[in-house]
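In what follows, a single structure is set out as structure tokens and then discussed.
The values are calculated or read from the model by the stated rules, or taken from the named source; none is laboratory data. Source: prediction; values computed, not measured. Quick reminder, even Gly has a Cβ in these numbers, built from the backbone with ideal geometry, and neighbours come from all protein chains shown. Accessible surface areas use protein heavy atoms only, side chains included; no ligands, DNA or RNA. Shrake-Rupley method; radii C 1.70, N 1.55, O 1.52, S 1.80 Å.
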Amino acid sequence: MRADTHTLAVEQMQLGDHAFAHYADDDVRWEVPAVFAHQGLARGEKVIVMMDPACPADDACARLAAYGGSADAARVGGQLVFSSMRELIGPGESFTALRQMGRLREETERACQQGFAGLRTVIDMAWVQDLGTDVGDVMRREKHADSLFDSRQYAEICTYDRRRFGPGVVEEMRVSHPVALLERPGDLQAYQAPGELCLIGDADMATGDIFRAAVSVAIRSQGGRPVLVDLTRLSFLSTGCARDLLLLIEQAGGPDTVAVRCRPLQARILHRLGAVTIGRLVLVGTGDGG
């Protein structure tokens, strides 16, 4: 699926984010939830996993562990919980947006009272068919859930199986969520707007060809006009890709100025590789950590 201004890698999710995720493969479906869950555990947050109702909790725990390491201790200690939408809203209760959102608020408050930094949930939308819920009602909830996230104590991923939901529903949900995640951790996508290139995900040996091609096209397409390359949505920038970026900027025959927006760690890498020697390069720091 195409990247745009609200595309993000799961590694960059924070409390307060409401994200759309998608998959069409029974192995891939676990990758984003595993990263999301294990990052939450590492940050002292409580994690509730509501995967496909057909998947037993023990199986879900084992699948998440396969991608992110054992979480048995967190499960025993109550930091990691496997549940379902049926259990969340109450046995015998039908779905309503108010009921569901009210229960999620209660769970967020409980997590904070238990001493956790906040709550994050990953919700496989297979529950919609399991409960026989009208998709239109669910879509309206997804579009009007902002109040759940205002406290910055709650984060949520809604993950859609593209084999279960029609392409129109999937695209509408992608557009409607404040955050749309890359399909897999480690992916790299590029979003280009006039005069600007935004790179999202991991820039490393596996994605180096995509990285170099995107930067080259962005620089060439501007002719002599300034161009901005935004690295702030990269989860990882390898030394090799950073070096390639500097070479492409140095050797470009196009714009007089190439601005690179970057976080402090990225700026340090570029400085170590000689960024200050490239006259047309301007580093634009964000002040963010990392």
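Show that you can apply the helix-only estimate: for the chain, add -39,500 (n - 2.57) for every DSSP H stretch of four or more residues, divide by all residues, and state [θ] at 222 nm to the nearest 500.
Details: 11 runs with 110 residues, N = 290.
One gets -11000 deg cm²/dmol as the mean residue ellipticity at 222 nm.
Computed about its Cα centre, the charge dipole of the chain is approximately 820 debye, with only Lys, Arg, Asp and Glu carrying charge at their Cβ.
Give me the accessible area per residue for the range 46-129, probe 1.4 Å, as a whole number in Å².
Details: 3850 Å² over 84 residues.
Here the residues of the range 46-129 average 46 Å² of exposed surface.
When the chain is described by a simple charge dipole with +1 on each Lys and Arg Cβ and -1 on each Asp and Glu Cβ, the residue from 201, 70, 138 located farthest towards its positive end is 201.
Dipole size in debye (nearest 20) for the range 33-127 around its Cα centre, Lys and Arg Cβ +1, Asp and Glu Cβ -1? The partial results should precede the final answer.
Working: 10 positive and 11 negative charges, 50 e Å.
Computed about the Cα centre, the dipole is about 240 debye.
Report note on the peptides 134-140, 200-206: ranked by the mean count of other C-beta atoms within 10 Å, highest first, their order is 200-206, 134-140.
Among the listed values (1) 20.4; (2) 18.3; (3) 19.6, the one matching Kirkwood radius over Cα pairs in Å as calculated from this structure is (1). Surface composition of the range 89-192: carbon and sulfur make up 47 percent of the accessible area, probe 1.4 Å. When the Cα positions of 51, 126, 18 are compared along the charge dipole of the range 1-139, 18 comes out farthest toward the positive end, with charges on each C-beta of Lys, Arg, Asp and Glu. When the charge dipole of the chain is built from unit charges on Cβ atoms (+1 for Lys and Arg, -1 for Asp and Glu) and taken about the Cα centre, the candidate among 211, 277, 149 whose Cα reaches farthest toward its positive end is 277. What you get for the range 141-247, charging only the Cβ of Lys and Arg (+1) and of Asp and Glu (-1), is a dipole of about 180 debye around the Cα centre. Protection proxy ranking for 168-176, 223-231, 69-77, using the average of other Cβ atoms within 10 Å per residue and placing the highest first: 223-231, 168-176, 69-77.
Note on the range 1-74: with neighbouring protein chains present and a 1.4 Å probe, carbon and sulfur make up 49 percent of its accessible heavy-atom surface.
Sorted into 10 angstrom bins from 0, the C-alpha pair distances of the range 122-209 split as 13, 39, 32, 15, 2 percent.
Using the Cα atoms of the range 1-147 to build a convex hull, what is its mean projected area in square nanometres?
Working: hull surface 36.0 nm².
Seen from a random direction, the Cα hull of the range 1-147 projects 9.0 nm² on average.
State the Kirkwood hydrodynamic radius of the range 69-121 in Å, one decimal place, computed from all pairs of distinct Cα atoms. Display every interim value, and only then the final one.
Details: mean 1/r = 0.0814 Å⁻¹.
Kirkwood hydrodynamic radius for the range 69-121: 12.3 Å.
Restricting things to alpha carbons, find the Rg to Rh ratio for the range 93-248 using the Kirkwood radius for Rh.
Numbers: Rg = 20.0 Å, Rh = 18.5 Å.
Using only Cα positions, Rg/Rh for the range 93-248 is 1.08.
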